[in-house]
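Just so it is clear, none of the values below were taken in a lab; they were calculated from the coordinates. Keep in mind that this is a model prediction, so the values were computed, not measured. Here Cβ is always computed from backbone atoms with ideal geometry, including for glycine, and neighbour counts include all displayed protein chains.
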Amino acid sequence: MGIGLLGKKLGMTQIFNEDGTIVPVTVIKVGPCKVTQKKNVEKDGYNAIQVGFDEITKVKNVNKPLKGHFDKAGTSPMAFVKEFRVTDEEMEQYETGNEIPMELFNIGDFVDVTGTSKGKGFAGVVKRHGFKGAPASHGTHEYFRHGGSIGQNMTPGRTFKGMKMPGHMGNKRVTVQNLKVVDIRGDMNILMVEGAVPGPTNGYLIIKKAVKKLGK
Amino acid sequence: MNEMIDLLEKEHMRLDLPEINVGDNVKVYTKIFEGDKERIQVFEGVVIRRRGGNTRASFTVRKVSFGVGVEKTFPIHSPLIDTIEVTGKNRVRRSKLYFLRNLKGKAAKLKEKRDR
C-alpha cells in the first residue's frame, strides 16, 4: 500500500562517502510522474491512484481511446502507466493531472524497486538454478552441465512438481527490497539508490517505500 | 554513457590535483584516520597504470621497498588523497608498465623525459 513513483534506469556509477569509501549507486530518472486517474470504492470497488510517466512526444502514435483517457486527466499521453493502491487519506492528497512530488522520498530512506529483469533466454540448470554441474575429469562423459537425477523409480513413479529444470530465465518482474536512497536531485528529477536494480538501462521501474521498514 | 550520469559524475571529480600520466614519478599523500587522529602517509613510486574515466578513474603506483615490489591503487578523485606531487616524468612507450614487475635493479629504471 502507499503511493510510489515511476522511473527509468539510467545506469550505474559510484560516488564517494565523506570517509572515502566508494558507494555503488544506480541513477534513476523519476518523474515528472502525473496522476492520470483516481479510482474509488464507490465506482471501481477499490481505492487506487493511477500514475503515468515518460511523456510520449509523438502524439500521433497514440491510439484514440488512450488519448481520450489522458485528455480526460489533462495530461499528455504517457508511455508507462501503473496503479498504486492507497488509503482514503492518501486519496485526498492527490488530484488528477497533478504531479507527484519527488519529496515522497528523503535521503537515507529505504525503497523497494520493481522492474523487469534482463531476459536470458532458455537457460540450463547451472545458470538458472546455480547447480554445480558434473566433475570435469575422472571419466565424466558428455555430462558436464547436467542437473543429475530428477526423481526415483516406481515409487513415486513421477517427477515432482517444481523440480528445478532448464527453461526460460529472466524477463520477469523482480523486486529488490530495502535499497538506501543516497541522493535526490529535484531539479534533474533524479534519484540515486545504493546498489543494483533489476532490468536493463532505460528499463522502467516502480519505486515504493520499503515494506519491511514501514513500521520503523 | 548517459549524459545525466556524466553530469553527476563531474560534480564529484577533484580538479585540484595535478595531471598524472603513466611513467610519472609521484608522491601520493593520503589521509589516514587512526581512531580520531588524522595523519598523512606518503607513497612514492612510479605510475604504472591509469584506468577508468570520470569519478571511476584510478591509478596504480609501484615502488620497490626493501627488495619487495609494492603496488598500491588509488581512486584519483578520492577525498582521502591529500595531494599528489609529480617529482619527475619518464619517457614510456606503452600505457601499462606491467613489464617493470619482471625487472630488477638498474633494468627497472625508466628514462627521463626530455623536453623538445
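The count of lysine pairs in the stretch A:38-82 that are at least 8 places apart or cross chains, and whose C-alpha atoms lie under 16 Å apart, stands at 6. Subtracting the Cα-Cα distance of residue B:27 and residue B:66 from their residue separation scaled by 0.36 nm leaves 12.3 nm. Estimated from the Cβ-Cβ distance and a Förster radius of 51 angstrom, the FRET efficiency linking residue B:108 and residue A:150 is about 0.30. Assuming R0 = 30 Å, can you tell me the calculated FRET efficiency for the pair residue A:17 and residue A:93, based on Cβ-Cβ distance, to the nearest 0.05? After rounding to 0.05, the efficiency reads 0.30. Highest mean packing first, where packing is the average number of other Cβ atoms within 10 Å per residue, the peptides A:135-143, B:5-13, B:73-81 line up as B:73-81, B:5-13, A:135-143.
For the pair residue A:57 and residue A:183, label points projected 7 Å from Cα toward Cβ lie 2.6 nm apart.
Packing order of peptides A:200-210, A:166-176, highest average first: A:200-210, A:166-176 (average count of other Cβ atoms within 10 Å over each peptide's residues). Toward the positive end of the charge dipole of the stretch A:68-136, about the Cα centre and with charges on Cβ (Lys, Arg +1; Asp, Glu -1), which of A:81, A:102, A:124 goes farthest? Ranked along the dipole, the leading option is A:124.
Straight-line reach from residue B:37: which aspartates and glutamates fall under 19 Å, measuring Cα to Cα and dropping same-chain residues less than 8 apart? Candidates past the 8-residue exclusion: A:18, A:19, B:82.
When you restrict to C-alpha pairs under 8 Å that are six or more residues apart and normalise by the size of chain A, the relative contact order lands at 29 percent.
For the stretch B:1-101, the relative contact order is 32 percent, taking Cα pairs closer than 8 Å that sit 6 or more residues apart in sequence and dividing their mean separation by the residue count.
Taking a 21 Å limit on the Cα-Cα distance, which of the listed pairs B:10/B:63; A:9/A:132; B:31/B:111; A:34/A:209 fall beyond it? The answer is B:10/B:63; A:9/A:132; B:31/B:111. Taking only Cα atoms, what is the 0 to 90° angle, nearest 10, from helix A:64-73's long axis to the longest principal axis of chain A? With rounding to tens, the tilt is 50 degrees.
Reducing the stretch A:151-216 and the stretch B:27-79 to their Cα centroids gives an inter-centroid distance of 37 Å. Identify all aspartates and glutamates with a Cα-Cα distance to residue A:212 below 15 Å; exclude those on the same chain that are fewer than 8 residues away in sequence. By straight Cα distance, residue A:212 reaches A:109, A:112.
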